[in-house]
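Chemist: Below is one structure. I have some questions about it.
The values are calculated or read from the model by the stated rules, or taken from the named source; none is laboratory data. Keep in mind that this is a model prediction, so the values were computed, not measured. When we count neighbours, we look across all protein chains shown, and the Cβ atoms used for this are built from the backbone with ideal geometry, even at glycine. Protein only, heavy atoms only, side chains kept; ligands, DNA and RNA dropped before computing areas. Shrake-Rupley method; radii C 1.70, N 1.55, O 1.52, S 1.80 Å.
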Amino acid sequence: CWGGLPFPATDVPQRTRDQLRRELVRMIGDSRASHVPIITDGSIKPESVNLMGSTLRSAHSCHLQYLQNMGTRASLVFAVVVKEMLWGLVVCHSAVPKVVSYQLRMAGEFLVQALAMRLSNLGDLENHVIQDRILKTHAKLCDFMYQQGHNPGLRVKGLLDGSPNLLDLLPNVDGAVVQFAGKIHAIGNAPAPASLKKFCTLVHQGWQEDGGRYMRAFNSIKHLPEELVDELKGMWGGMLVVPLGMDGLVIFWRPQLSVSVRWGGNPNEAAKRKGEAMHPRGSFEIFTDSVKDQCQPWLKWEMEAASGLCALVKDILESADADEVRSNVLVRLNQERMQYHSDKEAVVSEMTALMESVKAPVMAVDQWGMILQWNSMMEDLTGHSKDSVIGRPLDNFVPEAHRHVLKGLIRDTIGHVDASNVELSILKANSSTLPVGQRRVDLKVSTS
């Protein structure tokens, strides 16, 4: 985004994204500078020299022309990589030629890595809250169902009549439908019975033709037959269809997402080839695009939550024995909980690996000041190995004059107050044997 205007995804080709994900930093000092050839002593060919990852490597002529079309002479780009995926870019432009020093580039890279770590952490926290809510909702819905007795029809109503119900499982859903044993049950804002019957028939026919029953996510009703589109248009933008046993299904309905997007240029105007050269688009005038007959896209975790619930519901509806129902449901819920805890352990391992990859000293402490993490750069700077400090109070490694600073940092972090550039000193290993001026490492600490 620039000036509040999103730019089309085609402006950053996949090959460029892969390159940025690997290199993290890319600088172009002057988009109009002449390319300089590689000169060798003749023992190797110039074209055999691999400059991948080198700041000396020239940019693609198409990209240089793109910058010139924008009136940009120099650019500096930092890749925000979260969980090995390119999450975004921090792009700096200059109207005049400008070369940024290595030290400033590394400082910028560190800040962007800190941002990526924070984004990863926030994403994990959000996922944990979501998973915990899904587990509780699954358990309550199943409880409502087997409280209805042995009649499958009554058990289905347990999904719809209780609180929470099907509408509470996924966000931005205003209608839900359960088809089971030839009957259709609806809750919330659902289409008319005739339209529902047509849609269910269409889904079953598609499964029969494909030879399998699988989840289908519709982010737009435009993919449906024309007669159904006319009946759903204006109210619903998409739906999520989940198979239920051998002859049933559950449908979640999402309302139409009707918005206007103002682009920084026409997103349909991609780069064009003229002869052997690629030429980028030349216009960056505001282009307004209207989005209709679509819904908010279905996310992976939403589909997994819906699929998991339908597996539990299938067991309840197909089992007549109450004890057997309880046993099957408890087994499935326990499997979900085990997966949830396994995911949390994976997140801890991933955070540890991420801290090790950051080109800066990183440590982590708990609310009592006990050291939890100590990355390799902290080892190099202080001389204290990770094994020798984990589980010990950070107080032991901080000069007495700085301990009040440490307590303040921990107090503020517990209170969700982030700090930055706070001076904190760490005593080096065997500091008593070192000259006075070399006994400690002075750090600028930021917390989150």
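Chemist: Over the residues of region 141-227, compute the C-alpha Rg and express it relative to 2.2 N^0.38 Å.
Modeler: 1.20
Chemist: Given labels modelled 7 Å from the Cα in the Cβ direction, how far is it in nm from W207 to A114?
Modeler: Those two pseudo-labels are separated by 5.3 nm.
Chemist: Can you run phi through the Karplus equation (6.51, -1.76, 1.60; θ = phi - 60°) for region 295-302 and list ³J(HN,Hα) in whole Hz, with x for Gly and Pro?
Modeler: 10, 4, x, 6, 8, 4, 5, 5
Chemist: Continuing with this model, one more query. Is the shape of region 185-257 best called rounded, prolate or oblate, per the rule: a/c under 1.5 gives rounded, else a/b larger than b/c gives prolate, else oblate, with a ≥ b ≥ c the square roots of the Cα gyration tensor eigenvalues?
Modeler: Note, shape of region 185-257 comes out prolate.
Chemist: With bins 5 Å wide starting at 0, give me the P(r) of region 65-155 over every alpha carbon pair, in whole percents.
Modeler: P(r) over region 65-155, rounded to whole percents: 3, 11, 13, 11, 10, 9, 8, 6, 6, 6, 5, 4, 4, 3, 2, 0.
Chemist: May I ask you to give the average projected area over all directions of the convex hull of the Cα atoms of region 364-448, in nm² rounded to one decimal?
Modeler: Directional mean of the projected Cα hull area for region 364-448 stands at 5.3 nm².
Chemist: Please compute the length gained on full extension between H128 and M215, using 0.36 nm multiplied by the number of residues separating them and subtracting their Cα-Cα distance.
Modeler: Full-extension gain reported as 28.9 nm.
Chemist: Per 0.36 nm of contour for each residue apart, how much would the distance between I39 and A107 grow if the chain were fully extended, relative to their Cα-Cα spacing?
Modeler: My answer for the length gained is 21.2 nm.
Chemist: Which of the lysines could a cross-linker span from K222 if the Cα-Cα distance has to be under 20 Å and same-chain partners fewer than 8 positions apart are dropped?
Modeler: K222 reaches K197, K198, K233, K292.
Chemist: Please work out the Cα center distance from region 94-111 to region 168-245, rounded to the nearest Å.
Modeler: Centre-to-centre (Cα) distance: 52 Å.
Chemist: Which FRET efficiency value, to the nearest 0.05, do you get for L51 and C92 by plugging their Cβ-Cβ distance into 1/(1 + (r/R0)^6) with R0 = 22 Å?
Modeler: Calculated transfer efficiency: 0.45.
Chemist: Could you run the Karplus curve 6.51 cos²θ - 1.76 cosθ + 1.60 with θ = phi - 60° over region 155-165 and give me ³J(HN,Hα) per residue in whole Hz, x for Gly and Pro?
Modeler: Working through the residues one at a time gives 5, 4, 5, x, 6, 9, 9, x, 9, x, 10 Hz.
Chemist: Could you give the nm distance between label points at A364 and V100, where each point is 7 Å from its Cα heading toward the beta carbon?
Modeler: Spacing of the two 7 Å Cα→Cβ label points: 2.8 nm.
Chemist: Whenever you get a sec, line up M378, M370, M117 from highest to lowest accessible area (probe 1.4 Å, protein heavy atoms).
Modeler: Sorted descending by solvent-accessible area, the residues read M370, M117, M378.
Chemist: Next question. Which three extents, in whole angstrom, do the alpha-carbon atoms of region 1-130 cover along their principal axes, largest first?
Modeler: 61, 36, 30
Chemist: Another question, then. Given H placed on each backbone N at 1.01 Å, which residues far from L86 in sequence or on other chains put an amide H within less than 5 Å of it?
Modeler: Amide H neighbours of L86: none.
Chemist: Taking 0.36 nm per residue of separation and subtracting the Cα-Cα distance, what length does fully extending T413 through D30 add?
Modeler: Between T413 and D30, full extension yields an extra 133.6 nm.
Chemist: Now, a different point. What does the accessible area per residue of region 43-123 come to in Å², with a 1.4 Å probe and no ligands, DNA or RNA counted?
Modeler: 61 Å²
Chemist: Here's a follow-up. Taking a cut-off of 20 Å between Cα atoms, list the lysines near K314, but don't count ones fewer than 8 places away on the same chain.
Modeler: K136, K140, K157, K183
Chemist: Can you compute the FRET efficiency between S420 and K222 using 1/(1 + (r/R0)^6), with r the Cβ-Cβ distance and R0 = 51 Å? Round to the nearest 0.05.
Modeler: It comes to 0.60.
Chemist: Return the loop-located chymotrypsin sites (Phe, Trp or Tyr not before Pro) in region 361-421 (DSSP other than H, G, I, E, B) with at most 15 other Cβ atoms within 10 Å of their own Cβ; answer none if there are none.
Modeler: Passing both the DSSP loop test and the Cβ count: W368.
Chemist: Next question, about the same structure. Excluding same-chain residues fewer than 8 positions from K428, which lysines have a Cα within less than 26 Å of its Cα?
Modeler: Partners found: K359, K386, K407, K444.
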